[in-house]
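What follows is a single structure, written as structure tokens, with notes after it.
The values are calculated or read from the model by the stated rules, or taken from the named source; none is laboratory data. Small disclaimer: the values here were computed from a predicted structure and weren't measured. Here the Cβ positions follow ideal geometry from the backbone for every residue, glycine too, while neighbour counts run over all protein chains shown.
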């Protein structure tokens, strides 16, 4: 890798806010992606309260179930039915800005909804205290 490629890669890591860029853990990425997809099925189905119950303990400690439902409902419902979702990337991290150190996988999907095409969903599962990969963050652009 030449110097220009290294600088470009470092800038990409900074731009995406991905601390620990370059870490690799394919097993964790696969397990976290499977967990994220199961969790997204709950959200896609409008099962917001259940999605909160299946989230990471750090997420549940920062937001009540009712708070999550009230936050996610006006964001997801207007988008309509999820039509397609394609994995863009999954990146293993041990450190994220504003989060305790741990094991995380930042996952991005390109998702088409009935009323919003080409959305970018970012979901961040973490290895929770029970040893399961659970959602700790979710954003849509």
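Computed quantities for the displayed model
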quantity: Residue check for residue 112: assigned to a loop (DSSP other than H, G, I, E, B) and over 14 Å from the mean Cα position of the chain (by Cα); calculated: no
quantity: Boolean, residue 122 is modelled with pLDDT under 95 and either farther than 16 Å from residue 39 by Cα or within 12 Å of the chain's Cα centre (by Cα) (or both); calculated: no
quantity: Count of residues meeting criterion [assigned to a loop (DSSP other than H, G, I, E, B) and surrounded by 14 or more Cβ atoms within 10 Å (Cβ to Cβ)] in region 115-131; calculated: 1
quantity: Qualifying residue in region 107-118 (condition: within 14 Å of residue 56 (Cα to Cα) and either modelled with pLDDT of 95 or more or touching a helix residue (DSSP H, G or I) at 6+ places or on another chain (Cβ under 6 Å) (or both)); calculated: no
quantity: Subset tally (residues that are closer than 24 Å to residue 45 by Cβ and free of Cβ contacts under 8 Å to residues at least 40 places away in the same chain) for region 83-108; calculated: 5
quantity: Among (1) part of a helix (DSSP H, G or I); (2) surrounded by 14 or more Cβ atoms within 10 Å (Cβ to Cβ); (3) touching a strand residue (DSSP E or B) at 6+ places or on another chain (Cβ under 9 Å) - the single one residue 99 does not satisfy; calculated: (1)
quantity: Any helices (runs of 4 or more DSSP H) falling wholly within region 2-59 and containing at least 1 residues that are modelled with pLDDT of 95 or more and exposed (fewer than 15 other Cβ atoms within 10 Å of the Cβ); calculated: 26-44, 48-53
